[in-house]
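Structure first, commentary second.
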Amino acid sequence: MAAASDDPVAASVASSAPWCEDATAVVRRVVTDPERGLSTTEAARRLEEHGPNALEAAETVSAWRKLLEQFRDPLVYLLVVAVVVSLVAWVLEDAEGVPFEVVVISAILLANAALGFVQEARAEQAVAALQRMAAATAGVMRDGASVRLPTTDVVLGDVLVLAEGDAVAADARLLEAASLKVRRRRSRVRASRSSRMPPRCRGL
């Protein structure tokens, strides 16, 4: 059978359905060895060129914005109004000394904001630590040997080695399989195992 790149019909099908592209054409296009995979040196070069295999992280919120968020609460708004009213009354009465009510309420507001800011920062650090501990790994061929790496280190051209229970670390083309079963969702709450393969791609 001719490679997809040599067959106009197959090339047309593959362009609209990437999973139908001939495996030989895929291997040739990404410049890899289906038996040995990439070399460690070439994988490092591609990782440097294309970046890690990960979604772009959400924009980091600055510390001062996180602090201001602590004041966005209806109860805080009421306390701010109380501070303003107490301060205005103290000025109009031309009272002497320190506006005790204003100082106390302001101290409560600042302490509440500081406490919330610290708790939020600790929670973010805990979540980040859990994510590092539960980082997903993938089996790949490097220098002719099967190794497990963080999924973020998977690069274009890597040959994935999937075992039972593994998640596919990136878009890939199936080269060979033995007793392959995949989990496909049939509804929002139920799932089933199926060994059915996708329909044969027309023109290949």
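The values are calculated or read from the model by the stated rules, or taken from the named source; none is laboratory data. Everything numeric here is computed off the predicted structure, so don't read it as measured data. A quick note on method: Cβ atoms are made from the backbone with ideal geometry, for glycine too, and the neighbour counts reach across all protein chains shown.
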Residue 81: passes all of (1) assigned by TED's automatic domain parsing to the domain that holds residue 128; (2) surrounded by 12 or more Cβ atoms within 10 Å (Cβ to Cβ) but (2)
Within the stretch 139-157, tally of residues that are under 18 Å from residue 171 (Cα atoms), assigned to a strand (DSSP E or B) and of a type in the set (Val, Ile, Thr):
1
If you scan the stretch 31-59, which residues turn out to be in a loop (DSSP other than H, G, I, E, B), surrounded by 13 or more Cβ atoms within 10 Å (Cβ to Cβ) and among the small types (Gly, Ala, Ser)?
37, 39
Determine whether residue 149 is at pLDDT 85 or above and within 21 Å of the chain's Cα centre (by Cα).
yes
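Hey, among 31, 61, 81, 76, which residue is under 28 Å from the mean Cα position of the chain (by Cα) and free of Cβ contacts under 8 Å to residues at least 60 places away in the same chain?
Working: 31 fails: free of Cβ contacts under 8 Å to residues at least 60 places away in the same chain; 81 fails: under 28 Å from the mean Cα position of the chain (by Cα); 76 fails: under 28 Å from the mean Cα position of the chain (by Cα).
That would be 61, the only listed residue that is under 28 Å from the mean Cα position of the chain (by Cα) and free of Cβ contacts under 8 Å to residues at least 60 places away in the same chain.
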Odd one out for residue 65, checked against (1) over 21 Å from residue 156 (Cβ atoms); (2) modelled with pLDDT of 90 or more:
(2)
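Taking the condition charged (D, E, K, R) and over 33 Å from the mean Cα position of the chain (by Cα), does residue 93 pass? Quick ask: steps written out before the conclusion?
Values: charged (D, E, K, R): yes; over 33 Å from the mean Cα position of the chain (by Cα): yes.
Yes, satisfied.
Please indicate, with yes or no, whether at least one residue in the stretch 94-111 is modelled with pLDDT of 80 or more and surrounded by fewer than 10 Cβ atoms within 10 Å (Cβ to Cβ).
First, the residues of the stretch 94-111 that are modelled with pLDDT of 80 or more: 98-111.
With surrounded by fewer than 10 Cβ atoms within 10 Å (Cβ to Cβ) added as a condition, the list becomes 98.
There is at least one residue in the stretch 94-111 that is modelled with pLDDT of 80 or more and surrounded by fewer than 10 Cβ atoms within 10 Å (Cβ to Cβ).
If you take the residues of the stretch 96-129 that are of a type outside the set (D, E, K, R) and farther than 25 Å from residue 64 by Cα, which of them is farthest from the chain's Cα centre (by Cα)? Full working, then the answer.
In the first step, residues of the stretch 96-129 are kept if they are of a type outside the set (D, E, K, R); the result is 97-100, 102-119, 121, 123, 125-129.
Right, trim to farther than 25 Å from residue 64 by Cα and you get 97-100.
Details: 97: 56, 98: 53, 99: 51, 100: 50 Å.
Here the answer is 97.
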Given (1) within 24 Å of residue 46 (Cβ to Cβ); (2) out of contact with any helix residue (DSSP H, G or I) (no Cβ under 7 Å at 6 or more places or on another chain), index of the condition residue 100 fails
(1)
Got a sec? Which of 107, 82 is farther than 30 Å from residue 152 by Cα and in contact with an Asp or Glu (Cβ under 9 Å, 6 or more places away or on another chain)?
82
